[in-house]
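What follows is a single structure, written as structure tokens, with notes after it.
A short reminder: the numbers here are calculations on the coordinates, not readings from a lab. Computed from a prediction, not measured in an experiment: that's the story for all the values here. All Cβ positions, glycine included, derive from the backbone under ideal geometry; neighbour counts span all protein chains shown.
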Amino acid sequence: MSLFDLVAAIIIGLVGLGLLVWLLKIVLGSVAPYFSKHGSVNPKLMHEKWQIKRRLALLRDIDRVLAAEDFEGAAKRLRDLFVLDLVRGNAGLLESIRSHNFMCLSKIIVVAQKTKTVLPTISALETLLEERARLMTLYNDSSTLRDRIRAKRRKDGKGEWDDGEFSKKIAEVSQDIDRNREYLKRELDATVNQLIRQSSGGDIKFH
């Protein structure tokens, strides 16, 4: 092989390699959003969506239990159907969680009506669920904004961003969400226990 042929082969190879890198960059850029924190293929987000779908299916089963007039069984099922996890997701997922939780609350009200139970906790539960939906939206919006600012600074070559105050505020919201969860669990336990006592006609045995 002559020197000319060798040089030509090297140039063609480099051009081919450059084209391959360029195509890979396009492909990776197009699929990367699906694997991001809010992407549809993100494992954590997929798991959270699966959990919601599973609980929705269980919630639909409550109608069958109510139709059989098993009000005690319905009350026991509702105890663990509320979604009270700290979820990172898009607005659609957060709205699905909010709707699901209020559907659970509506089933509690149905059981209360069927068993003629007066529940003083309903108002508190409604307020806490609304507060949770607001806090979750604030947490997710703030976290997403922080992540976008970080990514933009890295892309622009501006180095790391001192987001201490920003992250501190997000952490405070996270703590508020945790407190809200504890309040909700306490009110839900009191509500469900009262429904079980009323529907069973006896005392509750605590374990």
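Report the GluC sites (Glu not before Pro) located in the range 111-168 that are in a DSSP loop and have at most 13 other Cβ atoms inside 10 Å of their Cβ, or state none. The partial results should precede the final answer.
On the way: sites: 126, 130, 131, 160, 165; in loops: 160.
Of the GluC sites (Glu not before Pro), the ones in loops of the range 111-168 whose Cβ has at most 13 other Cβ atoms within 10 Å are 160.
How much net charge surrounds residue 60 when only other residues with a Cβ under 13 Å from its Cβ are counted (Lys, Arg +1; Asp, Glu -1)? Spelling it out: positives minus negatives among the neighbours equals +4. With Rh defined as the Kirkwood radius, the inverse of the mean 1/r over Cα pairs, the Rg/Rh of the range 42-200 is 1.10.
What pairs from 49/107; 152/185; 107/169; 53/185; 49/114; 53/107 go past 28 Å between their alpha carbons? Don't skip to the end; give the middle numbers.
Working: 49/107 22 Å; 152/185 40 Å; 107/169 35 Å; 53/185 21 Å; 49/114 32 Å; 53/107 17 Å.
Pairs exceeding 28 Å: 152/185; 107/169; 49/114.
Before anything else, pin down the relative contact order of the range 42-200: Cα pairs under 8 Å, at least 6 apart, normalised by residue count, whole percent. Please report the intermediate quantities before stating the final value.
Values: 120 pairs, mean separation 48.9, N = 159.
Relative CO of the range 42-200 lands at 31 percent.
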